[in-house]
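Just below is one structure, and these are the notes that go with it.
Every number in this text was worked out from the coordinates using simple rules, so none of it is lab data. These numbers come from a predicted model, not from an experiment. Counting neighbours? That spans all protein chains shown, and the Cβs are built from the backbone with ideal geometry, glycine included.
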Amino acid sequence: MSKTTPDDGAEADQDNEIQSQDQPELAETEELVDGGDPQTSEKSGSPEGLDLEQVLEKLAAAELAAEHAKDDLLRVQAEMQNLRRRTEQDIEKAHKYGQEKFSIELLSVMDNLERALTAASEHEDDSVKAIYDGVDLTLKSFIDCFSKFNIETLDPLGEPFDPQTHQAMSMQENPEVEPNTVIAVMQKGYTLHGRVIRPAMVMVAKEPSLKVNEEE
């Protein structure tokens, strides 16, 4: 027969106290596993369908926001493409028409050279002929320079009148040509890369009045 020491009795009492403390916790755990907390179940008392509905609503809202973001992105991309295209066009125009004002100033020089050439051609003097040759060479150099920079002459004699490139200074009856035909060029016109920088000043033919009276 074993003897029980005071130390063994103290240890037994401590084990009993620990077991008594663990029993309520185990009971609470069993209640939660079996039926759950009644207060918690009362608070969540909504069916599972309501939670699914909320999730679907959030999903729909997220999809709508994504669509709006996609539309905004596409709009920004389109605006950037348009901006890049406009910038490229502006740069191209700057390269093409950057010398437009300078070209317009040179037109009067070309006009004076042509007048000088016409005046010198009417004289047979040798000194005047030398001047004529010099002016002729200078004029040809100007024409080559204009061609190099895409400056083209508008000399529409005998062509139909075009209000986009011609400026009618007067109209004259002329039965030998079709009405609205250019019968005289008072001043040549010029274009720069196809853009009119000075319209040609012309005289335009009109239908004779006698012909109108005969038809009446």
Residues whose built amide H sits under 5 Å from the amide H of MET171, excluding neighbours closer than 5 in sequence, are VAL204
Dipole magnitude of the stretch 81-216, debye to nearest 20 (Cβ charges: Lys/Arg +1, Asp/Glu -1, about Cα centre): 1140
With 27 Å as the limit, write out which pairs from LYS101/LYS129; LYS96/LYS140; LYS101/LYS148; LYS93/LYS188 have Cα-Cα distances beyond it, or answer none. LYS101/LYS129
Interchain or long-range residues, amide H under 5 Å from GLU159's placed H: VAL182
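In a shell of Cβ-Cβ distance under 13 Å around VAL182, excluding VAL182 itself, what net charge do Lys and Arg (+1) and Asp and Glu (-1) give? Can you show the working numbers first?
Values: positive: LYS188, LYS206; negative: ASP155, GLU159, ASP162, GLU178.
Neighbour charge sum, excluding VAL182 itself: -2.
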